[in-house]
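*Asks:* I have a structure I would like to understand better, so I am pasting it below and will then ask my questions one at a time.
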Amino acid sequence: MWRSPSLVVVGVVFLASACTSSADVQVQVASVGPGEVVQTVAAAAQLEAADRVTVQAPVGGEVAELLVGDGDQVSAGDPLVRLESDSIDQQVRQAEMAAEAAGDFAGSAAGAGLDLSPVVGAFGTQLEAIFPPLIGTLNDQVTTLENAALAAEQARQDLQADIEEARRDLEEQAAEVTLPDLPDVTLPDRPDAETPADVDPPQPGIDLELPAIEVPQVIDPDELHRAAADARARLAEAEAGYRAARGQLAQAESDLAGQAQQASAVQLEAAEAQREQAELALESARARVDDLTIVAPVSGVVELARGADDPAAGLGSDAGGLGDAGELEALGGAGDLDALGGLLGGGGGSAGTSTGPLAEGVGVGAGQPLLTIFDLSGFTARVDVDEIDIVDLAVGQAVTVLVDAYADAELSGTVRYIALAPQQPPGGGAIFPVTVDLDPTPDDVRLRVGLTASAEVEVQRIDADTVVPTSALLRRGGGEVVYVARDGIAVEVPITVDAIGDDTAAVSGDVTAGDEVVTTGVELVEDGTPIQVGG
């Protein structure tokens, strides 16, 4: 498989006995020269389909109808299995009743607002029953007092005018009275008579006394004005209280209306939320009914589950794979159940294990594997690489795969994925699974899932000027050395191995093209050992 570089192998040379001693170590040598070295990592491999999807039961139930069999070719979306579940049917009925009840409640909540008008009307009735009569009474009092004050004021003015007029009339009448002339009277002199000093001497004429005029008792108009002012103040206070009460009532009515509207909105919102939840629950329950009909998620070939542990327990090591499209055609098409069953490790309708394949009437649990769909449009190789070699692998590297069943076929492929975490084999150590995408195979190579193979991953390819056989390499003192034959002496030369293939290695160090390195007997020589090139 691998091409070694062109090495000039020095033939067996027998030196003349005069030039050698019996103590010389017999060796063979090869010339150092240019060449290409391909370094690979070899590991065991197993073939797998391009894809495989295990179909599981989404819900528990009983297989009412099995619509496919082993080896059937299906397309994505094709029905595979139909389940029955009494519990899901009951859930749907309950969800329907809950959704109907929630809808009725939401409808009643939309038309049933909180009516507070009777309460507000009662407050308004009380307000109108108290304040308007009170205001009317106070207004009448004010009017009466004001009219009485005006009347009293007018009566007082009229009375005063009458008094003044009566006085003037009396004075005029008095002025018109004429008294008669009286004779003069001479009083005798009396020496012992005394005239009081405080007695006025008589005056001529007549002094008339006017009759007293009685003034009727009249209500004080000022008192009436003060009473009217007090009544007017009480009226203003009552009117202000009435206006304030009406304003408070209007505000209360507005607040209550807003609160009622808000309460109605909250109630309606809660009812709508309950209705939506019930509808979602119903939708979910109906979706579970839809889940009872299981459809193919991908296109491929069907393998029914066998037993509860392995969905593809019928895949044995001797018949663990499915043919590709060419093989299916050669077997008479995907509908040839018996032939395809042979590819899948058992007859199409027979039980692969003691429990048998999936069948109608069988109860299944949620999550239980029902069948596996294999995509046979291509194949991959699962390569198990040891932890020592995994560090040299990278995605995109070329791979050569040798299938045990086809000794003469070499399959090519490319590294697609390297597992991040290793697996722990029973013997210890760590193995990293590596996925290799295989190129299309020749028509005469009919691959099956599970075929064993070996893989060689090309991790390095070098064109070097100094290439030596791998047999010339020797580890000494913690490094790699070669022994160069110089004048019959083995000279130890430290080198660095740049790449190592199956038969050759690219090295660098104190070696040049044309040097002859010891390839046979290298373990018998040391630096300075006399050697004899021969057989």
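*Asks:* Of the residues Ala42, Ala30, only one is touching a strand residue (DSSP E or B) at 6+ places or on another chain (Cβ under 9 Å), open to solvent by less than 60 Å² (accessible area, probe 1.4 Å), of a type in the set (A, V, I, L, M) and at pLDDT 90 or above; which?
*Replies:* Ala30
*Asks:* Would you confirm whether any residue within segment 148-162 is in a helix (DSSP H, G or I), touching a His at 6+ places or on another chain (Cβ under 8 Å) and at pLDDT 80 or above?
*Replies:* yes
*Asks:* Another one. Just the residues that are surrounded by 22 or more Cβ atoms within 10 Å (Cβ to Cβ) and assigned to a loop (DSSP other than H, G, I, E, B), please, taken from segment 436-455.
*Replies:* Leu447, Arg448, Val449
*Asks:* Let me ask you something else. Looking at segment 355-378, I want the residues that are over 15 Å from Glu84 (Cα atoms) and touching a residue at least 40 places away in the same chain (Cβ under 8 Å) and have a partner that is open to solvent by 30 Å² or more (accessible area, probe 1.4 Å) and of a type in the set (Asp, Glu) with Cβ atoms under 6 Å, at least 6 apart or on another chain. Which pairs are those?
*Replies:* Sorted first by the residue in segment 355-378, then by its partner, the pairs are Asp375/Asp51; Leu376/Asp324.
*Asks:* Name the residue that is farthest from the chain's Cα centre (by Cα), counting only residues in segment 370-399 that are within 16 Å of Phe432 (Cβ to Cβ), charged (D, E, K, R) and part of a strand (DSSP E or B).
*Replies:* Here the residue is Asp386.
*Asks:* Being open to solvent by 20 Å² or more (accessible area, probe 1.4 Å) and part of a loop (DSSP other than H, G, I, E, B), is that true of even one residue in segment 493-500?
*Replies:* No.
*Asks:* I'm checking my understanding of the structure. Among residues of segment 286-318 that are outside any loop (DSSP other than H, G, I, E, B), farther than 18 Å from Gly61 by Cα and touching a Pro at 6+ places or on another chain (Cβ under 9 Å), which one is modelled with the lowest pLDDT?
*Replies:* Asp310
*Asks:* What pairs come up if the first residue lies in segment 58-84 and is in contact (Cβ under 8 Å) with a residue 40 or more places away in the chain, the second is among the polar types (S, T, N, Q) and open to solvent by less than 30 Å² (accessible area, probe 1.4 Å), and their beta carbons are under 9 Å apart, counting only those six or more places apart or on different chains?
*Replies:* What qualifies is Val59/Ser85; Gly60/Ser85; Gly61/Ser85; Glu62/Ser85.
*Asks:* Looking only at segment 414-428, decide whether some residue is more than 40 Å from the chain's Cα centre (by Cα) and surrounded by 13 or more Cβ atoms within 10 Å (Cβ to Cβ).
*Replies:* Scanning segment 414-428 turns up no residue that is more than 40 Å from the chain's Cα centre (by Cα) and surrounded by 13 or more Cβ atoms within 10 Å (Cβ to Cβ).
*Asks:* So which residues in segment 501-528 are hydroxyl-bearing (Ser, Thr, Tyr) and crowded, with 19+ Cβ neighbours inside 10 Å?
*Replies:* Within segment 501-528, Thr504, Thr519 qualify.
*Asks:* While we're on this one: So which residues in segment 68-77 are part of a loop (DSSP other than H, G, I, E, B) and buried (at least 17 other Cβ atoms within 10 Å of the Cβ)?
*Replies:* Selection gives Val68, Gly69, Asp70, Gly71, Asp72.
The values are calculated or read from the model by the stated rules, or taken from the named source; none is laboratory data. If you're wondering where the values come from, they're calculated on a predicted model, not measured in any experiment. Every residue, glycine as well, gets a Cβ built from its backbone with ideal geometry; the counts of neighbours run over all protein chains shown. SASA here: full protein model, heavy atoms, side chains in, ligands and nucleic acids out. Shrake-Rupley method; radii C 1.70, N 1.55, O 1.52, S 1.80 Å.
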